[in-house]
1. Working out 0.36 nm times the residue gap between Asp448 and Ser212, then minus their Cα-Cα distance, what length gain in nm do you get to one decimal?
2. Taking R0 as 41 Å, what FRET efficiency do you get between Thr165 and Asp95 from their Cβ-Cβ distance, rounded to the nearest 0.05?
3. Report, ordered by chain and residue number, the aspartates and glutamates lying within cross-link reach of Lys187, taken as a straight Cα distance under 13 Å and ignoring same-chain residues fewer than 8 apart.
4. Accessible surface of Thr309 in the full protein assembly, 1.4 angstrom probe, to the nearest 10 Å²?
5. Could you check the spin-label model distance between Ser220 and Glu176? Points 7 Å from the Cα along Cα→Cβ, value in nm.
6. Determine ³J(HN,Hα), in whole Hz, for all residues of region 209-224 in sequence, where each value follows from phi through the Karplus function 6.51 cos²θ - 1.76 cosθ + 1.60 and θ = phi - 60°; x replaces Gly and Pro.
7. Would you mind computing, in nm to one decimal, how far apart the modelled labels at Asp487 and Asp415 are, each placed 7 Å from Cα along Cα→Cβ?
8. Got a sec? What order do Asp81, Asp216, Asp438 fall in by accessible area at 1.4 Å, biggest, i.e. largest, first?
Amino acid sequence: MHQALLIPEIVATILQNEGSSPGFLHTCLFVNKIFSIEATRILWIGCGVSYTSEFGYIHPHIKHLARIVLLDAQRAQFYADFIHTLMIAQEFENDKPVDEARWHKQLTSLQFPHLEEVSIDEYDEFSIGENEEPTLRNTEDMVIHYLQPNVKDFRLGRGSGISDTFMDTLSRSCPELTSLSLQRVDKCSVSKDGLVRFLSNANSLEVLDIGSGFNDSWSSAAFDIVSRNTSLELLKIPHIQDEWVRSLPSPNYDVPAFRNLEFLETGISDQGLDSLTRYIPHSKLETLSICLQSLPPSHHILASASSFTRLTKLVVYFGPESSLNGRDLVGLAQKCPALTDLSIGGSEDGGTRPSASGVTDSLISDVVQHLPKIQSLKLLLSKPDILTWHAVLSIARYCTNLEDLELSCNFKWKDAVNNTQENAFPNLRWLQFALAEDDRNEEFAPGDEEMIKAFAARFAKLVPKLSSITIVSGNEADESLGRAIHDICIWRQ
């Protein structure tokens, strides 16, 4: 063996360059000690069924490490010393989904001195005894063990029983933390003071995502601390109260609020967002997602959002009795020409469709003329019949980069195929029409397959790259045509 192959750095370089070859790294485990150590370092850098490396290496799952613990705890610690990323998710055994979280007890016997990234999910509740209520495995006493000294990124997709103890330990044990995501926590008992203590010591946080379960933990003091964190780039919190915004330091304060924030997802009123724009007039905000479901009816949220002129993505989930007007929609497009993703009235997060005033086909034409970069457009209103196929034609004319369209409108399929040029939407891949169910006449019999296929073929030529079409609130003929178009899309892929 060449002497160079006894130098760990050279061996490591060889293994990293050739490691994607099937079976190569596992073969290296049996060459000699140096090759074995370097191969182990690569294979065990990440652990978990959902962990994948950019080089395509096959990495161990949580169950593999846990079973080694049961056989030889010392050997398991040897492997744990190499792990930088731990991802606890869901795997399949005998075609049935099971949570990797069931191995928490075994993993808590290990230390992870080089652990930098932790992601913990849980999908199924379980019962210990026949008469016991279902519970979760990602409890505080289990997940707190993964708060190791070098952790920079900690994500808990779902858990329970998180308290001040967890937050204090996180602050004390993970001084290099830059990303924290606590998305869904049941039985959360983190106090207002506990959250303030944590945020006061988390000056290096770049990502803060604290979701449901923490509603009662937030306060004006916590919001003030977050606003002054100059490292923060992404913020997701359940809500921002109007009085919290009003209590911020003057807009002329030496350290402007949210100086480097680029992404904000929260619930905030029209007035609250309008006030927030005055505190961050030179905002770097590029993505804004607003959840209005639990707030009073909104009527001018688009006008407030348009003050963030660097926006590339805006998502608004409306609550009951909310509305928008056409002037605000045009103003938004004029002030935010960099928008590539605009979603208004979607229901993915439980939102409702707003009513609209002054929204017409001609107004939609004015809007899309100012959105040359738009790639995803979703405009879902409570009354689909206020827009017709003319609005769709305007979108096709001005939004040539569009890939995803969801639109409330009402039209005749014959008008659509007869008045539209082929390849009208050259890049469109996903399409959804929300039609006016009470104002639809069947243009052809649902059982007339020959006519339906003919119309489907003609419509498919308008959207050469379409891979999916959905018809909402249509009649039986609409749904039959939608299925026929979908079949064509699948066939030509």
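1. Details: separation 236, 0.36 × 236 = 84.96 nm, distance 4.94 nm.
Taking 0.36 nm per residue and subtracting the Cα distance, the gain is 80.0 nm.
2. Details: r = 39 Å, r/R0 = 0.96.
FRET efficiency, Thr165 to Asp95: 0.55.
3. Partners within reach: Glu140, Asp164, Asp216.
4. Thr309 has an accessible surface of roughly 80 Å² with all protein chains in place.
5. 3.9 nm
6. Once θ is set to phi - 60°, the couplings for region 209-224 become 10, 10, x, 4, x, 9, 3, 7, 8, 7, 8, 4, 5, 5, 5, 4 Hz.
7. 2.8 nm
8. Numbers: Asp81 55, Asp216 125, Asp438 155 Å².
In descending accessible area the options line up as Asp438, Asp216, Asp81.
The values are calculated or read from the model by the stated rules, or taken from the named source; none is laboratory data. Everything quoted here is computed from the prediction, not taken from an experiment. Backbone-built Cβ (ideal geometry, glycine too); neighbour counts: all protein chains shown. Keep in mind that these areas ignore ligands, DNA and RNA; they rest on the heavy atoms of the full protein, side chains included. Shrake-Rupley method; radii C 1.70, N 1.55, O 1.52, S 1.80 Å.
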